[in-house]
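See below for the structure under consideration.
The values are calculated or read from the model by the stated rules, or taken from the named source; none is laboratory data. A quick note: this is a predicted structure, and the numbers were derived from the prediction, not measured. Cβ: placed from backbone, ideal geometry, glycine included. Neighbour counts: every protein chain shown. Ligands, DNA and RNA are excluded from the accessible area calculation, which covers all protein heavy atoms including side chains. Shrake-Rupley method; radii C 1.70, N 1.55, O 1.52, S 1.80 Å.
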Amino acid sequence: MYKDNKEIVEEAKGIFITPRRARKAFIENQLTLIRMCKPYLEERPAFILTELISGENLSYVAETVGLPRERVMTIAATTALKLSKIDEIDKIHTKNELLREENKRLLDKIAELEDRLAVYEKNPEKPIDPLVLSKPLTDCGLTVRTVNALKSYGCNTVRDLINQDKDTLMLIPRFGRKCMDDLESLFKRLDIE
């Protein structure tokens with residue numbers, strides 16, 4: 001089967017978009033927009049536009065709402081025009097972004113609390129200061145070799161490091177006995193067992 005350059009490039013990227021997939025993505029985007037704007041639309045016009053964008057037959061939609069086909073087309077066109085003029089859409093997008101950021105902040109806080117709980121469960125008599133847990137390894141006085149090895153494994157903060165056991169750390173490439181000694185001295189300086 002012959003493939004043109006665009007198909008080869010898209011496959012090389014690991015993305016092969018067919019017209020059918022593109023249409024499906026477009027329809028999903030349009031339906032998401034309608035759902036976001038439902039507070040600004042009446043129920044029947046929103047239903048008509050949603051059904052038509054989803055690919056329903058005009059005659060079926062007209063029969064479902066009990067209106068002539070011409071009236072259904074008029075309603076769909078005016079609803080689409082109304083959607084394009086809603087100034088609140090930018091505010092909705094902004095609010096959505098703010099909610100995403102807040103959600104990420106809360107998930108980070110939950111992870112921090114779970115880490116603190118795990119550390120406390122390991123040693124309930126001596127809880128660790130949250131500021132120490134969030135400290136980047138680059139600011140802890142470790143050797144460059146140790147920091148680079150830990151970063152390659154995904155450990156960037158003291159919190160990430162505490163959740164690992166010695167055996168797992170020793171399996172990290174370029175992490176040997178000297179790196180482990182470096183960490184043990186860090187734990188003594190931070191008063192962590």
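Scanning the stretch 41-72 for residues that are open to solvent by 80 Å² or more (accessible area, probe 1.4 Å) and touching a Leu at 6+ places or on another chain (Cβ under 7 Å) turns up just one, 69. The set of residues in the stretch 57-72 being part of a helix (DSSP H, G or I) and within 16 Å of residue 43 (Cα to Cα) consists of 61, 62, 64, 65, 71, 72. In the stretch 24-56, of all residues being within 27 Å of residue 95 (Cβ to Cβ) and assigned to a loop (DSSP other than H, G, I, E, B), the one that is modelled with the lowest pLDDT corresponds to 41. Output the residues belonging to the stretch 132-181 that are within 26 Å of residue 110 (Cα to Cα), open to solvent by 60 Å² or more (accessible area, probe 1.4 Å) and out of contact with any Ser or Thr (no Cβ under 9 Å at 6 or more places or on another chain). Hits for the stretch 132-181 are 138, 139, 152, 163, 165, 166.
Checking the stretch 147-163 against the condition returns a match, with at least one residue being of a type in the set (S, T, N, Q), at pLDDT below 85 and within 25 Å of the chain's Cα centre (by Cα). Under 6 Å between Cβ atoms, at least 6 apart or on separate chains: pull out the pairs that start in the stretch 156-176 with a residue that is farther than 13 Å from residue 118 by Cα and end on any residue that is of a type in the set (Ser, Thr, Tyr) and surrounded by 13 or more Cβ atoms within 10 Å (Cβ to Cβ). Partner pairs satisfying both residue conditions: 157/134; 172/153.
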